[in-house]
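Worksheet: one structure, shown below.
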Amino acid sequence: MERKQKERKGHLVLVPCPLPSHMSPMLHLAKLLHAQGFSITIIHTAVNSPNQSHYPEFSFESVGGALLESCSASEGDVMPFLSELNLKCEIPFHDCLVKMQMCSQYNPISCIIYDAVMYFSAAVADHLLIFRIVLRTSSAANYIGLSILDENDCLPIQGRRMEEPVAAFPLLRFKDMPSFRTCKQTRDVLTCIYNGTRTASAIIWNSLWCLEDALFEKIEDDTLVPIFPVGPLQKHSGSFSTSSLSEEQSCIAWLDKQASSSVVYVSTGSVVTMSEDELLEMAWGLAKSSQPFLWVVRACLVNGSGGVEQLPKEFHETTRNRGWIASWLPQQKILAHRSIGCFLTHNGWNSTIESISEGVPMLCWPRVGDQRVNARFVSHVWRVGLQLEDRLSREDVERAIQTLFADEEGIKIQKQAKELKKKVELSLRQGGPSSDFLSRLVNYIRLQGAMIRLSNA
């Protein structure tokens, strides 16, 4: 490892959040920066740690250990999890950095890049006088939505007020604002995340200028620090899996046999759960639509327990020749397949930006957190999808699928999705905004590192 570190220019320490939707963009960023000549050390928690054998070019350090044995996240309980995680990781993270600074096998640390929700990193970096940059793994729209939440808006809005536009952000209605299942600890955690972002030397975004240019300009004016929207990170760094779950690959041969742009891909992510009634309504909506479908039904999808066994025999018989159900799938590969015609999604940001990158229209069924913000932008700003009602019905699912595949509105959405994909591709090319922001980011890190070395000389 010592030779590997010494041969590279600049040593970056990256601090990912253990939630799968946060871990993935950080690992893609690590690959991207390593390709630019930096040595990379990943400091991760003992919870959901990455498979080190997949990344032989990186160094790894683990913090937290037994302190984190009780930490777990579930739908709606992410804020208490993040609160406990930050509380228990600060001292071990400090000790880990001190050890690294004293160890000859590591180059001096040029910069710490941390996930915004791992805000303990900010305090430790400042204490040790280490330059720091924050990575935002969600959209600029979500950041602005979170910044204007008041004490009473942490919970989902109820009643007639839901349809009203938000005065400070009229692109959203109140029902589209970021939401959480409990207010307990939420306000304190959001404040810490927000402060940890605003006080960083710069902000990296897994988003694109062509999607959110006006919002990025507003954020840059408000924070007075440089921003680098270098996304979509998964498209920069090539196709490799960051999932800690076992991915079923055999469906690709089935997809190869389907007509172009005909298959409905259904996945609600790694955390979202649903009721048995919602599972059945989605199932029969897919059955009644007559479209072939590929459906991720996780082992813990239905109220934390199994889902496949709760699907009735009649459903399996009805869809035997046009449906494929799996516990987990290689999503980036699926979305890039020619047979995928739409994506029924919870609109987590990774899923949303991956779908946009491949030109796949979306059927949006958001649940918590930033998902409602993303769904609103997909359906009413970028116009590359339709939004399902919160209260899922088989008729709603069937109608939405038929609209997207057969109606004039759906044809317009398909065309817009393809146009947006072209903008993403242009953004990633040399001279495009994402490519330019990446070059600026690399130069910024190297310049700041050089200035710090001069000041310490």
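The values are calculated or read from the model by the stated rules, or taken from the named source; none is laboratory data. All figures in this text were calculated on a predicted structure; none of them were measured in a lab. We place every Cβ from the backbone using ideal geometry, glycine too, and count neighbours over all the protein chains shown. Surface accessibility is based on the protein's heavy atoms, side chains included, excluding ligands, DNA and RNA. Shrake-Rupley method; radii C 1.70, N 1.55, O 1.52, S 1.80 Å.
Within the range 378-408, find all residues whose amide N lies under 17 Å from a label point positioned 7 Å from the Cα of residue 259 along Cα-to-beta-carbon. Only 401-408 pass the distance filter.
Over the chain, with every protein chain in place, what whole percent of the accessible area is carbon and sulfur at 1.4 Å, could you tell me?
Values: 9630 of 19230 Å².
Answer for the chain: carbon and sulfur cover 50 percent of the accessible area.
Annotation: aspartates and glutamates with alpha-carbon distance below 16 angstrom to residue 415 (same-chain offsets under eight excluded): 358, 407, 425. Restricting attention to the chain, close to 10% of DSSP beta bridges with both partner residues there are antiparallel. What is the calculated FRET efficiency for residue 195 to residue 87, with r their C-beta to C-beta distance and R₀ = 22 Å, to the nearest 0.05? About 0.90, to the nearest 0.05.
Sorting check: for 335-348, 405-418, which peptide has the highest mean count of neighbouring beta carbons within 10 Å, and how do the rest follow? The partial results should precede the final answer.
Numbers: 335-348: 23.1, 405-418: 15.5.
Ranking, from highest mean packing down: 335-348, 405-418.
For residue 172, nonlocal amide neighbours, meaning residues 5 or more places apart or on other chains whose placed amide H falls under 5 Å from its own, are 166.
Working ranking of peptides 142-148, 105-111 by packing, defined as the average number of other Cβ atoms within 10 Å per residue, highest first, is 142-148, 105-111.
Rounded to 0.05, the FRET efficiency of the residue 336 and residue 103 pair, given R0 = 51 Å and the Cβ-Cβ distance, is 0.80.
Using the Cα centre of the chain as the reference point, and only Cβ charges (+1 on K/R, -1 on D/E), how large is the resulting charge dipole? Debye, rounded to the nearest 20.
Values: 45 positive and 49 negative charges, 269 e Å.
For the chain, the charge dipole is close to 1300 debye.
Spin-label model, residue 314 to residue 407: label points 7 Å out along the Cα-to-beta-carbon direction sit 2.7 nm apart. Per-residue Karplus couplings for the range 329-339, computed as 6.51 cos²θ - 1.76 cosθ + 1.60 with θ equal to phi - 60°, are listed in order as 9, x, 4, 4, 5, 5, 5, 7, 6, 5, 7 Hz, Gly and Pro entered as x. Solvent exposure of residue 300, expressed as accessible area, is near 60 Å², computed with a probe of 1.4 Å over the protein chains only. Modelled spin labels at residue 220 and residue 187, positioned 7 Å past Cα toward Cβ, are 3.4 nm from each other.
Kirkwood hydrodynamic radius for the chain: how many Å is it when counted over pairs of different Cα atoms?
On the way: mean 1/r = 0.0438 Å⁻¹.
After inverting the mean inverse Cα-Cα distance, the result is 22.8 Å.
Each peptide in 381-389, 10-18, 165-173 receives the mean, over its residues, of other Cβ atoms within 10 Å, and ordering these scores from highest gives 10-18, 381-389, 165-173. For the chain, the solvent-accessible area with a 1.4 angstrom probe is 42 square angstrom per residue. Which shape class applies to the range 277-432: rounded if a/c is under 1.5, otherwise prolate when a/b exceeds b/c and oblate if not, where a ≥ b ≥ c are the square roots of the Cα gyration tensor eigenvalues? It comes out prolate by the Cα gyration axes. Reported to the nearest whole Å, the Cα centre-to-centre distance from the range 258-293 to the range 333-348 is 11. The 3J(HN,Hα) values that the Karplus relation (6.51, -1.76, 1.60; θ = phi - 60°) gives for the range 429-440 are, in residue order, 5, 4, x, x, x, 5, 5, 5, 5, 5, 4, 5 Hz. Gly and Pro appear as x. Around the amide H of residue 369, modelled in the peptide plane, lie the amide H atoms of 179, 180, all under 5 Å away and 5 or more residues distant in sequence or on another chain.
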